[in-house]
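The values are calculated or read from the model by the stated rules, or taken from the named source; none is laboratory data. Here the structure is a predicted model, which means the values were calculated and not measured. Methodologically, a virtual Cβ is constructed for each residue, glycine included, from the backbone with ideal geometry; neighbour enumeration extends over all protein chains shown. Surface accessibility is based on the protein's heavy atoms, side chains included, excluding ligands, DNA and RNA. Shrake-Rupley method; radii C 1.70, N 1.55, O 1.52, S 1.80 Å.
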Amino acid sequence: MEDHFITYYQSPLGLIKLSGTEAFVSEVSFIDTIQKPPVDHHKKPMPPLAIHAIEELIQFFNGERRVFEMPIQQEGTPFQQGVWQELLRIPFGKTISYLELSRRLGDTKSIRAAASANGRNHLAIVVPCHRVIGSKNDLVGYAGGLWRKRWLLEHENKIAN
């Protein structure tokens, strides 16, 4: 079993928790406070992938990165995996509606399931769930808070144009 890392990055939008293994990143999420792990007297250095992931986030926030290259993996049903793959196809600086997302998945009746899977994404920013908006161009549903969603969309729009 691979060792897992947990580290934190203080972003312009607040504290971000990153976790994963030496092979992939499995979580990029906004948090309010650092959860202290049990005391570990044999601290290991941060794996190169964790450093690389933080560097990519810094580049994104500095307007120097539009596409993430870090290897990612998150647990989910086949449907959730399909939704997350579709999120990766939304271009930087663009948005789609939840209805369009369900249309791209092949079934407009799956709009609620698609929205639910979007909300279960554990790789904020990297798997750009913030690029999905309401049908009337309104900001709806974002685990990190709607103010962060607005900031991310404005940040991307400013860089893309």
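Net charge dipole, the chain: roughly 640 debye, given to the nearest 20, about the Cα centre with Cβ charges of +1 for Lys and Arg and -1 for Asp and Glu. Counting other C-beta atoms within 10 Å, and keeping those with at most 12, which DSSP coil trypsin sites (Lys or Arg not before Pro) do you find in the range 12-93? Listed in order of number, the matching sites are 43, 89. Overall, the accessible surface of the chain at a probe of 1.4 angstrom is composed of carbon and sulfur to the extent of 53 percent. Of all lysines in the structure, those lying under 30 Å Cα to Cα from residue 44, and not within fewer than 8 positions of it along the same chain, are 17, 36.
Only helices enter this figure: runs of n ≥ 4 DSSP H residues, each worth -39500 (n - 2.57), summed and divided by the residues of the chain, yield -10500 deg cm²/dmol at 222 nm to the nearest 500. Rolling a 1.4 Å probe over the heavy atoms of the protein chains gives the range 1-138 an accessible area of 58 Å² per residue.
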